[in-house]
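Report on the following structure.
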Amino acid sequence: MKKTKVVVTGAYGRVGREVVRAVLNTDDLELAGAVDLRGQGLDVGLVAGLDLQGITITDDLEGILQTKHPEVLIDFTTAEAVLKNSVMAINYGVSPVIGTTGLTTDQLDELHILCEKKQIGAVIAPNFAIGAILMMRFAKEAAKYFPHVEIIELHHEQKLDAPSGTALGTAQAILEERGELKQGNPHELEKIVGARGAQVQGIHLHSVRLPGLVAHQEVLFGGLGQTLTIRHDSLSRESFIPGILLAVRKVRQLRQVIIGLDSLI
């Protein structure tokens, strides 16, 4: 069996360790390298809670691309690092699978243009949990009948961006179905600015950051005499692995950027 060679950036992080463990334990994948600014010099197997692998964490992504010739880059770094990593990978003919959130519209456009020029596929997903993708799909369907909706997303206290990419993606899916709608009392008064959360074309988004949380989201719909709640909970970062592996196995067949897992499932 030919194995797909994978390099993981952000390998020392919490999701990165899960990704490394999954790659090492998956028969059709081979770990070509592990990159992070933290944990340099440590054996990535030990960092991931496994046996020694003879692969140490390094900050030299380009060195791995030049010498190990991976086919796929899995990136769970930061918004500041992901664009540089992805552009470098694409220029070496490597397909990025990106779970890092916070990319701007201009940065996404740059990746779209580069992938089309190089005929390299990429997958960018704000959430790799397949249950979260289904939640977004169900929310879009519900919006046909319940146009009044608010979104509450809850994450661990170390998450940098707010609202989450999943919340924004959910709002966009709902807007595709119902369009802009002014919700609530037109004379509503916020006694404290931000009390009603952020707003995207009438949809209020609320972000919670607390220790003990992983990744959770509620989509609350209100109608005449009834409410509907659609909720997804990632109870551990293992929940992202099936979606990541799905993207890794399909990205080499693509020739453009795909946003979200929805079109892959």
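From the list Glu176, Glu218, which one is in contact with a strand residue (DSSP E or B) (Cβ under 9 Å, 6 or more places away or on another chain), closer than 21 Å to Gly260 by Cα and at pLDDT 95 or above?
Glu218
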query = Which residues, counting only those in segment 213-238, are among the polar types (S, T, N, Q), surrounded by 15 or more Cβ atoms within 10 Å (Cβ to Cβ) and closer than 18 Å to Ala143 by Cβ?
reply = Gln217
key: Any strands (runs of 3 or more DSSP E) falling wholly within segment 188-265 and containing at least 2 residues that are assigned by TED's automatic domain parsing to the domain that holds Lys144   = 198-200, 203-209, 215-223, 226-234
ask   = If you check Ile120 against the conditions, is it among the β-branched types (Val, Ile, Thr) and buried (at least 22 other Cβ atoms within 10 Å of the Cβ)?
value = yes
request  = Considering only residues that are out of contact with any strand residue (DSSP E or B) (no Cβ under 9 Å at 6 or more places or on another chain) and hydrophobic (A, V, I, L, M, F, W, C), look in segment 143-173 and name the one that is nearest to Leu224 (Cα to Cα).
outcome  = Ala173
inquiry  = Return the pair list, or none, for Cβ contacts closer than 7 Å from residues in segment 139-155 that are in a loop (DSSP other than H, G, I, E, B) to residues that are of a type in the set (A, V, I, L, M, F, W, C), at least 6 apart or on different chains.
reply    = Ala143/Val149; Ala143/Ile174; Phe146/Phe221; Phe146/Leu228; Pro147/Leu181
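Counting residues that are under 20 Å from the mean Cα position of the chain (by Cα) and not assigned by TED's automatic domain parsing to the domain that holds Ser164, which helices (runs of 4 or more DSSP H) fully inside segment 15-96 reach at least 1?
Those helices (runs of 4 or more DSSP H) span 79-91.
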ask   = Restricting to segment 221-265, what's the tally of residues that are hydroxyl-bearing (Ser, Thr, Tyr) and modelled with pLDDT of 95 or more?
value = 2
ask   = Which of the residues that make up segment 201-212 are crowded, with 16+ Cβ neighbours inside 10 Å and either of a type outside the set (A, V, I, L, M) or modelled with pLDDT under 95 (or both)?
value = Gly202, His204, His206, Ser207
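The values are calculated or read from the model by the stated rules, or taken from the named source; none is laboratory data. On a predicted model such as this, the values are computed, not experimentally measured, just so you know. Cβ atoms come from the backbone with ideal geometry, glycine included; neighbour counts cover every protein chain shown.
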